[in-house]
Structures are given as structure tokens and as C-alpha cells.
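What follows is a short report on a single structure.
The values are calculated or read from the model by the stated rules, or taken from the named source; none is laboratory data. On a predicted model such as this, the values are computed, not experimentally measured, just so you know. Here the Cβ positions follow ideal geometry from the backbone for every residue, glycine too, while neighbour counts run over all protein chains shown. Surface accessibility is based on the protein's heavy atoms, side chains included, excluding ligands, DNA and RNA. Shrake-Rupley method; radii C 1.70, N 1.55, O 1.52, S 1.80 Å.
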Amino acid sequence: QVQLVESGGGLVQPGGSLRLSCAASGFTLDYYAIGWFRQAPGKEREGVSCISSNDGSTYYADSVKGRFTISRDNAKNTVYLQMNSLKPEDTAVYYCATALPGWQCSPQTRLFGSWGQGTQVTVSS
């Protein structure tokens with residue numbers, strides 16, 4: 001059974017930090033490019049960050065560059081998203097997903113296959 005589970009979300013003040021985790025079960029995460037996406041109420045789901053499976057290249061949306069860092073721990077079969085200097089506009093449900101076979105990182109949601117259930121991130125004073 002293939003499964004992705006996000007965790008680590010919560011309520012933080014502006015300027016605070018959170019580390020999200022994406023844990024895989026039933027498959028080896030190392031073989032897939034992994035993307036982080038987010039969706040706020042009334043908005044389309046958007047790509048936030050991605051890490052490739054071949055050379056570990058990382059990608060970030062302009063809105064989070066310099067603040068977020070994606071990383072991979074193969075021993076724990078987990079991908080992380082470290083989020084620093086959080087802003088109210090970062091408030092959303094955050095999802096991780098595996099890229100479709102033959103694909104590496106892309107900001108397009110249609111190029112990702114398996115998705116987690118999401119974890120809520122709320123940035124508010």
C-alpha cells in the first residue's frame with residue numbers, strides 16, 4: 001500500500017518557524033521527486049517546493065525563496081520542508097506528493113500522482 005502522511009503543521013506567529021514532514025509507507029521515497037504544494041481557502045493549489053530524485057536538485061516558488069528549505073532523509077524515508085520567517089499569506093493546507101513515473105520536479109499539480117492528506121499551517125498574531 002502506497003501512502004504519504006504530512007505532519008508538523010500548526011499555529012505560529014508571523015516571523016516564526018515550522019518544519020513539515022512527509023513520511024512514506026509502502027514504497028521507497030528516494031526513487032521519486034517529491035513536491036510540496038499548498039492551498040488556501042478560495043485559491044488554487046500551488047507549487048511551493050520540490051526535490052528531485054536523481055541529483056537532489058531543489059526548487060522553490062518565488063514567494064518562499066530564502067525562507068523555506070526542502071530536504072530528504074532517505075534513512076527515515078521522509079522529506080522535510082523547513083519554513084522560516086513565516087507570513088500570514090503562508091496560511092494554507094500543505095500537501096506533499098510524488099511525481100508521476102518519468103517526471104522530475106514541476107510546479108504543475110497534474111504531473112504528481114500520489115498525495116498526502118495535508119497538514120494545516122496557520123500564521124497569525
* May I ask you to say which residue of CYS105, CYS96, CYS22, CYS50 is open to solvent by 10 Å² or more (accessible area, probe 1.4 Å) and hydrophobic (A, V, I, L, M, F, W, C)? => CYS105
* Asked: Given (1) open to solvent by 30 Å² or more (accessible area, probe 1.4 Å); (2) over 25 Å from THR122 (Cβ atoms); (3) in contact (Cβ under 8 Å) with a residue 40 or more places away in the chain; (4) not charged (D, E, K, R), where does LEU29 come up short, assuming only one miss?
  -> (1)
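Looking for whichever is open to solvent by 30 Å² or more (accessible area, probe 1.4 Å), at pLDDT below 95 and more than 21 Å from ARG110 (Cβ to Cβ) here; the options are PRO14, PRO41. Which one fits?
PRO41
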* **Test set (1) of a type in the set (S, T, N, Q); (2) touching a strand residue (DSSP E or B) at 6+ places or on another chain (Cβ under 9 Å); (3) within 19 Å of VAL2 (Cβ to Cβ) - THR122 fails condition number** => (3)
